[in-house]
Amino acid sequence: MRLIVWVCLVALPAVLNAQQTEDKTPIQPGQIGQTVHAPPFTVADKFDYRVVQTFGARGFIGSALGAAIGQANDTPSEWGQGFGGLAKRYVSGFAGNCTRQIMAFAIEAPLHEDPRYFPSEDKSMKERFWNAIKQVYLTRKDDGGQGFAYGRVISDFANGQLVNAWQPRSTGAVSNGIERGFISLGADAGYDLLQEFVPFTRPISLRHRH
């Protein structure tokens, strides 16, 4: 958990320090580099994408992983151990992911943000890594442009607070919600890296270069 938070608190500011490419051309921290292209998503496509993120492999596996970590750390302690405690943690994680995906869609659709991760066209491992990290807070737009990922960032932190509605006292404070927001951003970064380096995990529209 602390490693994930480190990615958000340390790795993201590192991007803002303008890393250098191999040809010494400065990378703009507010820009995504050359990436794989794909036709823009319609609103229906974005809705389908969020449904898959909720009820697809990421939703179920992510919830199971979160439940396992919570079980190992006995967090929250009020939910106890055994199957009952594990079930509560799993349902909480799954419900949190569901509400987060709804929030993200509600923001990104009117703002014309594309929810997909766009893999880098660069061959450098370093640049591919930073491309994945930068797309945690930057996003492609429907018109081909790019901008701040309001849908992703706002939904992560807003949902972190919403989850407090069913958390017990030990994990239901505002500070816990903020921590969950950073953990969610860290999970997004990990998912971006997975899609960057493991092509079959990408959406079908981005599995082949265009």
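Below are the figures for this structure:
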item: Some residue of region 129-143 being surrounded by fewer than 17 Cβ atoms within 10 Å (Cβ to Cβ) and touching a strand residue (DSSP E or B) at 6+ places or on another chain (Cβ under 9 Å); result: yes
item: Residue match in region 76-83 (condition: in a helix (DSSP H, G or I), under 28 Å from PHE148 (Cβ atoms) and free of Cβ contacts under 8 Å to residues at least 40 places away in the same chain); result: no
item: Enumeration of residues in region 140-169 that are polar (S, T, N, Q) and modelled with pLDDT of 95 or more; result: SER155, ASN159, GLN161, ASN164, GLN167
item: Members of region 130-183 found to be among the polar types (S, T, N, Q) and outside any helix (DSSP H, G or I), listed by number; result: GLN135, THR139, GLN146, GLN167
item: In region 107-128, residue surrounded by the fewest Cβ atoms within 10 Å (Cβ to Cβ) [restricted to those that are without any contact (Cβ under 8 Å) to a residue 40 or more places away in the chain and outside any helix (DSSP H, G or I)]; result: LYS123
item: Test: ALA104 is part of a helix (DSSP H, G or I) and either touching a strand residue (DSSP E or B) at 6+ places or on another chain (Cβ under 6 Å) or surrounded by fewer than 18 Cβ atoms within 10 Å (Cβ to Cβ) (or both); result: no
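The values are calculated or read from the model by the stated rules, or taken from the named source; none is laboratory data. For clarity, every value in this text was computed on a predicted model and none was experimentally measured. Note that we place each Cβ from the backbone using ideal geometry, even for glycine, and neighbour counts take in every protein chain shown.
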